[in-house]
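Reviewing the structure listed below.
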Amino acid sequence: MISKAQIKDIRALHLPKFRQIYNKFIAEGDKVCIELLKKQKYIISNIFITQGNEAKYSIYLKEHADIVTIVHQKDMEQMSALKTSSNILMLLQKSEEDISLMNIDTKSAIYLDGVQDPGNVGTIIRIADWFGVDMVIRSVDSADFFNPKVVQATMGSLVNVDLVTATLPELLTYNRVIYGTFMHGQNLSETNIKNNGILVMGSEGKGIHSENEPLINEKITIPGAKSKIAESLNVSIAAGIICSIWKS
């Protein structure tokens, strides 16, 4: 059973303030939770499963029987950050990697400069995983890696990518070529992005911060059709296009 007080504490983790206070985050859904159970990158505090679905996850829960709680569907709905709750919800301890991992010369990274939409941040983490980009680094004004919507959008890829919060100037000491996306720059197809480079993606509304622009070594752009009407691409779509060229 789960108490009303526990449900209240879990719901509080929907908000960044309480994720910071408790140093925990929520993961929901089969794909995300199974990946977290398999890789065990993050310390798992609690696992909640709806009544009648225990057998579905039994193969993954052998080492975690002491932290599993069976709950009613209504309780899961109250805890969930999703419109339609899943049959499994987990609480895990937040942890990020250290920026010093960039001392490994082969490491590549996507830097998120003020990307605030959690769906985009989660999707970019998934893109990094798919194409083999080692790190996703966020500015402090980008969406929190452990926002429930970010975690959900990663579809489990947060266990396969190094996640770091840092400023762009902090990356200068690691001797990487820094590429930035702009409306006007060198054609992507004519740009040879170094395998261990850093790709800076700005927000759709504001682009790369003006104070970071001088730190960009090479400005690149994704050319559209001459007859294009759209003013810009979604940031996660742009990241996917660039990574498909960069890491092919």
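The values are calculated or read from the model by the stated rules, or taken from the named source; none is laboratory data. Note that the coordinates shown come from a computational prediction; the quantities given were computed from them, not determined experimentally. Neighbour counts run over all protein chains shown; Cβ positions are idealised from the backbone, glycine included.
For region 116-144, which positions are outside any helix (DSSP H, G or I) and surrounded by fewer than 24 Cβ atoms within 10 Å (Cβ to Cβ)?
Passing the criteria: 116, 117, 132, 134, 135, 139, 140, 141, 143, 144.
Return the only residue of 134, 129, 113, 105 being touching a His at 6+ places or on another chain (Cβ under 6 Å) and either at pLDDT 95 or above or under 30 Å from residue 54 (Cβ atoms) (or both). Talk me through it step by step, then tell me what you get.
Details: 134 fails: touching a His at 6+ places or on another chain (Cβ under 6 Å); 129 fails: touching a His at 6+ places or on another chain (Cβ under 6 Å); 105 fails: touching a His at 6+ places or on another chain (Cβ under 6 Å).
Exactly one residue qualifies, and that residue is 113.
Looking at region 192-227, which of its residues are surrounded by 16 or more Cβ atoms within 10 Å (Cβ to Cβ), small (Gly, Ala, Ser) and part of a loop (DSSP other than H, G, I, E, B)?
Correct list: 197 only.
Does residue 163 meet the test of being touching a residue at least 24 places away in the same chain (Cβ under 8 Å) and in a helix (DSSP H, G or I)?
No: the conditions fail for residue 163.
If you check residue 80 against the conditions, is it surrounded by 13 or more Cβ atoms within 10 Å (Cβ to Cβ) and more than 24 Å from residue 137 (Cα to Cα)?
Criteria met by residue 80.
Scan region 175-191 for residues that are small (Gly, Ala, Ser) and either surrounded by 16 or more Cβ atoms within 10 Å (Cβ to Cβ) or in a strand (DSSP E or B) (or both) and report the count.
Summing the residues that are small (Gly, Ala, Ser) and either surrounded by 16 or more Cβ atoms within 10 Å (Cβ to Cβ) or in a strand (DSSP E or B) (or both) in region 175-191 gives 2.
Filter region 222-237 down to the residues that are at pLDDT below 95 and more than 21 Å from residue 140 (Cα to Cα) and list them by number.
The answer is 222, 223, 224, 225, 226, 227, 228, 229, 230, 231, 232, 233.
Hey, does region 93-106 have a residue that's at positive phi, surrounded by fewer than 24 Cβ atoms within 10 Å (Cβ to Cβ), hydrophobic (A, V, I, L, M, F, W, C) and part of a loop (DSSP other than H, G, I, E, B)?
no
Only one of 24, 31, 17, 62 is out of contact with any strand residue (DSSP E or B) (no Cβ under 9 Å at 6 or more places or on another chain), within 22 Å of residue 161 (Cα to Cα) and outside the structural domain of residue 165 (by TED's automatic domain parsing). Can you tell me which?
When all the criteria are applied, what remains is 31.
Scan region 142-154 and give yes if some residue there is in contact with a strand residue (DSSP E or B) (Cβ under 7 Å, 6 or more places away or on another chain) and of a type in the set (D, E, K, R), otherwise no.
No, every residue in region 142-154 fails to be in contact with a strand residue (DSSP E or B) (Cβ under 7 Å, 6 or more places away or on another chain) and of a type in the set (D, E, K, R).
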